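Reading through the structure tokens given below for one structure.
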Amino acid sequence: MAESENGAIEITGGSVRHFGLQFPIFLCFQRHFHRTRAHLREIERDRQHQPWLNGLQLLEDAQQNKHVLSTGFKGIDKLLEGGLREGQLTELVGPSSSGKTQLCLRVAANVAIQHKGRVIFLDTGNSFSPRRIEHFVRQISGSVFNEKVMSNILCHSTFDIFSMFDVLHQLENSLKSQGHKGDCKARTLIVDSISSLITPILGGSGPQGHALMTSAGFLLKKLAHELNIAVLVTNHMVAGEGGNLKPALGESWKSIPHVRLLLSRDQGNKTCSISILKHPSLASGEVARFVIDD
Amino acid sequence: MTMEVRGWIDGDESGREMLSRLLTERPYLHIPPFQKFPLRVGNVVELVGPSPCAKTHILMQAAIDCILPKHYGGLGHLVLFIDLDCRFDILRLSQMLRNRIFQANKNQSNDEELFVECMRRFLYIRCYDTLEFLATLKTLHYQLQKERQAQGIGVNFLMIDSIGAFHWVDRASTSLHLGVDNRKGLSLQNVSVTVVQEIKKLVLVHPMLVIAAKATILGNRYAANEVKWNLKRPFSPDSAASSVTNKVHQLMYREYMPSIWQSFVTLRILIQASDDHISTENNHNKSVYLSEWLMPPLSFGDSFIVKDAGVFCVS
């Protein structure tokens with residue numbers, strides 16, 4: 001981080017590898033604050049915080065940069081009034097084998113074909129299957145095998161949260177420096193599943209696990225907003241009150257995603273149903289049904 | 001000499017003049033779900049509730065009430081929205097604002113200009129960590145002066161959504177040993193003290209109403225256990241069951257903010273989603289939210305639903 005010439009504001013930065021994430025340590029800001037107000041302008045210029053925007057600028061940014069990506073399923077698109085929105089973190093919750101990974105793979109294929117965008121898939125449980133992707137690609141685009149489309153879906157295997165942070169930071173740096181490269185712009189980031197990265201660290205009496213979880217959430221939201229990508233994460237379910245299932249990752253996670261969707265599969269059937277648990281502008285409780293593989 | 005003494009005894013203004021000045025300069029603010037307890041500039045309000053409940057919608061409704069000009073029923077002042085959750089949906093705000101303008105403005109044609117004017121009065125910033133939040137607060141005074149010069153109006157609302165967003169990260173960094181003794185570290189206590197101090201300093205110079213939304217981030221393990229234990233005992237229906245539900249509601253809210261923030265808050269409201277649903281015109285089932293006053297502990301609560309046009313009371 002920067003140090004201004006006359007030393008009135010000293011900001012020392014360091015990264016805490018203990019947490020595996022870049023954590024600027026902000027020392028003794030207050031002592032120097034009272035010296036001179038002129039340095040406040042320096043802070044604004046140095047971008048120690050995000051710029052202030054008014055409602056109009058925010059709206060323009062949302063309308064021009066944050067497009068809606070169709071998921072490829074008419075039912076889901078109708079439920080979500082368009083699909084997944086860039087700039088938002090969408091969480092997909094469901095019991096095991098309810099179709100979360102299949103849905104993620106199908107969405108990845110659809111984004112690569114229909115929106116001609118790059119998809120980054122973080123795979124935490126070896127669930128990514130190139131064959132399934134190829135199958136979906138053929139299903140969506142007809143019969144032609146498109147190598148370009150397949151090469152736009154990138155898969156990284158991450159097995160713990162620290163390597164996920166590394167991958168995300170590298171992604172942030174590379175995407176910011178790349179800029180807009182024609183039609184290979186990254187449009188979607190899928191983490192399947194984020195709960196398997198976070199659950200191992202949540203136990204224990206200290207706050208470090210929750211701190212890492214919320215930092216991960218903030219990093220994903222920051223990537224979504226600044227790079228204009230839609231982030232999709234999956235979560236599993238655990239037993240809750242009265243024997244019902246509830247989403248894992250606890251109470252603190254609930255306020256992190258923009259959109260929370262509940263997925264369930266009918267028994268012995270290929271039909272899945274999806275409902276909204278939380279959405280910033282739509283009512284919860286609506287249900288849509290769809291079939292992943294027809 | 002006698003004239004000066006007489007002038008000193010007479011005072012600057014009478015009680016009536018002072019009251020009329022204060023009531024016009026700092027008007028009472030009526031936010032629809034809390035009509036029975038109008039809020040006044042100078043209060044610090046905390047909206048507590050598990051996620052999802054309609055906290056952000058209430059903030060948006062209040063913001064719209066503030067940015068609309070006076071002849072449309074608003075206050076015509078600026079709103080500062082500090083988004084710590086980074087989940088704010090500007091499209092929803094613009095939809096609600098357009099609805100309000102359309103309702104108020106049915107036969108006139110300057111909707112678009114009015115919309116633009118109102119949106120310019122909504123100032124938004126998002127902070128991804130505590131450092132950015134502190135930097136924002138410290139530079140807020142300069143920013144407000146700039147806005148006052150640019151638009152000529154002051155700010156009436158400071159909204160923070162939500163105040164406990166960095167709680168876990170701050171708690172974890174408390175245990176970091178920085179190894180440099182003469183510098184103040186970043187701990188939960190220090191951060192809260194700084195936040196409260198900065199807001200107090202700001203409110204002295206720019207009097208405004210501070211509304212903070214707070215999510216309940218500690219789980220309700222105890223509430224779940226309590227319900228299980230109570231259900232095992234045989235009980236006589238109505239009274240025992242209602243006392244169990246009341247206890248569950250109380251226990252679901254556990255305070256986690258440091259005491260300096262708790263004592264800074266002057267009004268606290270708890271909002272929860274109830275199990276009731278109301279069907280509206282399009283056959284949508286909207287869930288009803290209950291609000292309950294925790295500070296001051298009032299006995300009446302409100303129930304409201306969220307429709308496309310905004311937050312409405314259900315009586």
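Just checking, how many residues over the range B:68-107 are surrounded by fewer than 17 Cβ atoms within 10 Å (Cβ to Cβ) and either facing chain A (nearest Cβ under 10 Å) or hydrophobic (A, V, I, L, M, F, W, C) (or both)?
So the count comes out to 4.
Can you tell me which residue in the range B:52-81 is farthest from residue B:293 (Cα to Cα), limited to those that are in contact with an Asp or Glu (Cβ under 8 Å, 6 or more places away or on another chain) and not in a helix (DSSP H, G or I)?
Applying the filter and picking the extreme gives B:69.
For the range A:275-285, how many residues are facing chain B (nearest Cβ under 8 Å) and either assigned to a loop (DSSP other than H, G, I, E, B) or of a type in the set (A, V, I, L, M, F, W, C) (or both)?
6
Condition check ((1) of a type in the set (S, T, N, Q); (2) surrounded by 22 or more Cβ atoms within 10 Å (Cβ to Cβ)) across all residues:
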residue: A:65; (1), (2): yes, no
residue: A:69; (1), (2): no, yes
residue: A:74; (1), (2): no, no
residue: A:80; (1), (2): no, yes
residue: A:89; (1), (2): no, yes
residue: A:97; (1), (2): yes, no
residue: A:106; (1), (2): no, yes
residue: A:131; (1), (2): no, no
residue: A:142; (1), (2): no, no
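For the range B:269-312, which residues satisfy the criterion of being over 18 Å from residue B:52 (Cα atoms), assigned to a strand (DSSP E or B) and in contact (Cβ under 8 Å) with a residue 12 or more places away in the chain?
B:293, B:294, B:295
Restrict the check to the range A:85-107 and report whether at least one residue is more than 26 Å from residue A:213 (Cβ to Cβ), assigned to a loop (DSSP other than H, G, I, E, B), out of contact with any Gly (no Cβ under 8 Å at 6 or more places or on another chain) and not β-branched (Val, Ile, Thr).
No, because not a single residue in the range A:85-107 is more than 26 Å from residue A:213 (Cβ to Cβ), assigned to a loop (DSSP other than H, G, I, E, B), out of contact with any Gly (no Cβ under 8 Å at 6 or more places or on another chain) and not β-branched (Val, Ile, Thr).
Give the range A:225-252 a look and list any residue that's in contact with a Ser or Thr (Cβ under 9 Å, 6 or more places away or on another chain), over 10 Å from residue A:93 (Cβ atoms), within 14 Å of another protein chain (Cβ to nearest Cβ) and not in a strand (DSSP E or B), or say none.
Within the range A:225-252, A:251, A:252 qualify.
Hey, could you check the range B:258-305 for residues that are surrounded by 13 or more Cβ atoms within 10 Å (Cβ to Cβ) and among the polar types (S, T, N, Q) and say which is nearest to the chain's Cα centre (by Cα)?
Among them, the one singled out is B:266.
Out of A:189, A:219, which single residue is touching a residue at least 24 places away in the same chain (Cβ under 8 Å) and in a helix (DSSP H, G or I)?
Matching residue, one of A:189, A:219: A:219.
For the range B:267-275, check the following and say yes or no: at least one residue is more than 27 Å from residue B:101 (Cβ to Cβ), out of contact with any helix residue (DSSP H, G or I) (no Cβ under 7 Å at 6 or more places or on another chain) and among the basic types (Lys, Arg).
Taking every residue of the range B:267-275 in turn, at least one turns out to be more than 27 Å from residue B:101 (Cβ to Cβ), out of contact with any helix residue (DSSP H, G or I) (no Cβ under 7 Å at 6 or more places or on another chain) and among the basic types (Lys, Arg).
Which one of these does residue B:153 not meet: (1) under 23 Å from the mean Cα position of the chain (by Cα); (2) surrounded by fewer than 20 Cβ atoms within 10 Å (Cβ to Cβ); (3) part of a helix (DSSP H, G or I)?
(3)
Restricting attention to the range B:39-67, which residues are away from chain A (no Cβ under 14 Å) and at pLDDT below 85? Break it down into steps so the answer makes sense when it comes.
If we filter the range B:39-67 for residues that are away from chain A (no Cβ under 14 Å), which is where we start, we get B:39-46, B:62, B:65.
If the condition is that a residue be away from chain A (no Cβ under 14 Å) and at pLDDT below 85, then B:39, B:40, B:41, B:42 are the ones that fit.
Give the residues of the range B:1-38 that are under 13 Å from the mean Cα position of the chain (by Cα) and at pLDDT 80 or above, sorted by residue number.
none
Which one of these does residue A:176 not meet: (1) assigned to a helix (DSSP H, G or I); (2) surrounded by 15 or more Cβ atoms within 10 Å (Cβ to Cβ)?
Every condition holds for residue A:176 apart from (2).
Any chance the range B:127-136 includes a residue that's part of a helix (DSSP H, G or I), more than 25 Å from residue B:41 (Cα to Cα) and in contact with a His (Cβ under 7 Å, 6 or more places away or on another chain)?
Yes, the range B:127-136 has at least one match.
The values are calculated or read from the model by the stated rules, or taken from the named source; none is laboratory data. This structure is a prediction, so every number in the text was calculated from the model and none was measured. We place every Cβ from the backbone using ideal geometry, glycine too, and count neighbours over all the protein chains shown.
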